[in-house]
């Protein structure tokens, strides 16, 4: 994979203390700037911003290789060792998985380890890894 500029994503949360615990402590994303209404996190080199809001997370979903995947989600593609470590850390913390950690598209170009988890405000995150990262966009 080539070097790409970081993305920015803002999303709603119900409680900044819960967001700080989930993103900052559990996922180990360093905190950046903040106010009493929002907080920045360094999400694997990308800027995500949790904004306090009463908005509910979307319930729309789509079937992907037998899994019911939330349409509204964001995430990161990790190295396999990093993926295993975050999967274990989330399991140990009793995280609310939408899709349990597993490998999907087995034997196909898009074979990948994946998991989906909810943050405390109901936002869906996907963590994935490829045995060969160069196959990220392969058909």
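The values are calculated or read from the model by the stated rules, or taken from the named source; none is laboratory data. What you are looking at is a predicted structure, and each value in this text was computed from that prediction instead of being measured. Neighbour counts run over all protein chains shown; Cβ positions are idealised from the backbone, glycine included.
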List the number of the failed condition for residue 134; all other conditions in (1) under 21 Å from residue 14 (Cβ atoms); (2) assigned to a helix (DSSP H, G or I); (3) at pLDDT below 90 hold.
(1)
Every residue in the range 67-106 that is in contact (Cβ under 8 Å) with a residue 24 or more places away in the chain and farther than 23 Å from residue 135 by Cβ, please.
68, 70, 72, 89, 90, 93, 95, 98
Residues of the range 66-109 being part of a loop (DSSP other than H, G, I, E, B) and buried (at least 16 other Cβ atoms within 10 Å of the Cβ), in sequence order, are 95
Report yes if residue 14 is outside the structural domain of residue 131 (by TED's automatic domain parsing), touching a residue at least 60 places away in the same chain (Cβ under 8 Å), out of contact with any helix residue (DSSP H, G or I) (no Cβ under 8 Å at 6 or more places or on another chain) and surrounded by 13 or more Cβ atoms within 10 Å (Cβ to Cβ), otherwise no.
yes
Residue list for the range 25-44, restricted to those being in contact with a strand residue (DSSP E or B) (Cβ under 9 Å, 6 or more places away or on another chain), crowded, with 16+ Cβ neighbours inside 10 Å and not in a loop (DSSP other than H, G, I, E, B)
38, 39, 40, 41, 42, 43
